[in-house]
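No lab work stands behind these numbers, since they all come straight from the coordinates. Quantities reported herein were computed from a predicted structural model and do not represent experimental measurements. Cβ coordinates were reconstructed from backbone atoms using ideal geometry, including for glycine residues, and neighbour counts include every protein chain displayed.
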Amino acid sequence: MVRVRTLVSRPVRGLNGAARPPGDKSISHRALILGACAVGATGIEGLLDADDVAATARALEAMGARVRAGSDGLTYVTGLGVGGLGEPEGVLDLGNSGTGARLLMGAVATHAMRATFTGDASLSRRPMGRVIAPLEAMGAQIAARGDGLLPLTIDGAAEPIPIEYAMPVASAQVKSAVLLAGLNAPGVTSVIETAPTRDHTETMLRHFGAEVAVADGPDGRVVSVTGYPELEAKRVVVPADPSSAAFPLVAALVTAGSQITLARVGMNPLRAGLLVCLREMGAAIEAGGEGEDGGEPVADLTVRSSGLEGIAVPAGRAPAMIDEYPALAVAAAFARGTTVLEGIAELRVKESDRLAAIARGLAACGVEVEEGEASLAIHGAGAPPRGLAKDAPPIETHGDHRIAMAFLVLGAGAANPVAVDGAEMIATSFPDFPGFMNALGADIVDGGEGLTAP
């Protein structure tokens, strides 16, 4: 048994106010890595100050880059140029960060050096085989535990081979790992994806001066990078994270009497699946103040409490909202009618088996659900769910930050409070989530420490 922190979210009468969610986690990782591969000092505004991103920064410093906080509020990365990463003296511990681990594996794979990657218990259960396969095709030698699990050791390719890689599963992390490896390989490295995934890597590569091509081919979307570019340090502005904004957004929708505004939220169309779903359900969400931060579209989102209707969410929408399903499931629990989520097998290999964790948590809060191998049907009653029964144990989050936040959101609009265990893991993506929510009118309190299975 391990000791974990418990948080309790109590029902409230409404959320009101305006706030800016924390910086985008995906973009923060990429800004650090590409800053380390550029020549000069890259200044990053709005870098997410969270455990996952800090782990990537420490790993880059272990390979020779310099990361420091500036007096002007920016984070500066002094880069080494393409091919300049050095062999770390110790193990690279990426904590809970799957994005940091997979992207850095790509960056390391075409350097003639050895690096060992490890992580926490959750990350050590997540599959790395999908990244290992293309990186080995580029010449890296990778020794992993079990069926492609951390810890693993990469012996980078002394003579990297450019490849054209058709991805068997839609994954922005795999695509990004291959493109980052391609920076230090001759010729052109290409990735073919049958379903478009978030394109933050392509956008930022161009921003730093790489030659990136995107075209439609007979087998899907082809993304290519030309090797050995001269990347130059740039200023990067990180927008607010739409995956983090999903939680206060849904909280406002399902808590009666709410109206909030979330500022400068990333509106990349390849990550807009949640907004599409919620608007189909009848959500009152207005976008204003449209602009651009760091090459990414942003907007201020004003959200009002809304009566929601159940919908069918097609499998093809998953790549555009893979991290937002826990928040969507909470919205579905308040909706009238059944919401069916299809094609979500990928949720089973996230920080936890998210599909199972969502199903069990909703059932514990009185919501009827039907769990399939790659689907979830949520039968909403058009009224606030019961929440946890008196003296019921906290929702088991299995150390998953997004499961924890989702059920704290449910508690704000439910009939009874909802407690979650393992709340300390929220710091991996959304530092001070309770404080952020409470400033808008939520009532999330510390429930003390408890014991849970490791």
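Adding -39500 (n - 2.57) for every DSSP H run of four residues or longer, then dividing by how many residues the chain holds, sets the calculated 222 nm ellipticity at -8500 deg cm²/dmol. Orientation-averaged projection of segment 356-436 equals 5.6 nm² [convex hull of Cα atoms, one quarter of hull surface area].
Of the residues Leu135, Ile403, Gly14, the one whose Cα sits farthest towards the positive end of the charge dipole of the chain is Gly14 (charges of +1 on Lys and Arg Cβ, -1 on Asp and Glu Cβ, taken about the Cα centre). Using only Cα atoms, tell me the angle between helix 401-413 and the longest principal axis of the chain; keep it within 0 to 90° and round to the nearest 10. Helix 401-413 sits at roughly 20 degrees to that axis. Along its principal axes, segment 25-226 has C-alpha extents of 50, 37, 30 angstrom, given from the largest down. Can you give me the Cα centroid spacing of segment 321-355 and segment 260-285 in angstrom? After rounding, the separation between the Cα centres reads 16 Å.
When Rg and the Kirkwood radius Rh are both evaluated on Cα atoms of the chain, their ratio Rg/Rh stands at 0.96.
Under the shape rule built on the C-alpha gyration tensor, where the axes satisfy a ≥ b ≥ c, segment 38-117 is oblate, since a/c reaches at least 1.5 while a/b does not exceed b/c.
For the chain, the tally of Lys pairs with Cα-Cα distances below 20 Å comes to 4, considering only residues 8 or more apart or on different chains.
Each peptide in 163-169, 77-83 was scored by the mean count of other Cβ atoms within 10 Å over its residues; highest first, the order is 77-83, 163-169.
With a ≥ b ≥ c taken as the square roots of the eigenvalues of the C-alpha gyration tensor of segment 281-345, please select rounded if a/c is under 1.5 and otherwise prolate if a/b is larger than b/c or oblate if it is not?
Details: a/c = 2.93, a/b = 1.37, b/c = 2.14.
Oblate is the answer for segment 281-345, as a/c is 1.5 or above yet b/c matches or exceeds a/b.
When +1 charges are put on Lys and Arg Cβ atoms and -1 charges on Asp and Glu Cβ atoms, the dipole computed for segment 25-226 relative to its Cα centre reaches about 200 debye.
The charge dipole of the chain, taken about its Cα centre with unit charges on the Cβ atoms of Lys, Arg (+1), Asp and Glu (-1) only, comes to about 600 debye. Rounded to two decimals, the Cα-based Rg/Rh of segment 182-253, with Kirkwood Rh, is 1.11. The Kirkwood hydrodynamic radius of segment 143-236, based on inverse pair distances between different Cα atoms, is 14.2 Å. For segment 1-136, what does the alpha-carbon gyration tensor say about shape, rounded, prolate or oblate, given a ≥ b ≥ c as the root eigenvalues, a/c under 1.5 as rounded, and a/b over b/c as prolate? The shape class here is oblate. Working note: Cα atoms of segment 306-454, range along each principal axis, descending, whole Å: 39, 31, 28. Would you work out which of Gly422, Ser258, Ala185 lies farthest towards the positive end of the dipole of the chain, given +1 charges on the beta-carbon of Lys and Arg and -1 on that of Asp and Glu, about the Cα centre? My answer, from the dipole projection, is Ser258. Among the GluC sites (Glu not before Pro) found in segment 1-91, those both in a DSSP coil and sparsely packed, with 12 or fewer other Cβ atoms within 10 Å of their Cβ, are Glu89.
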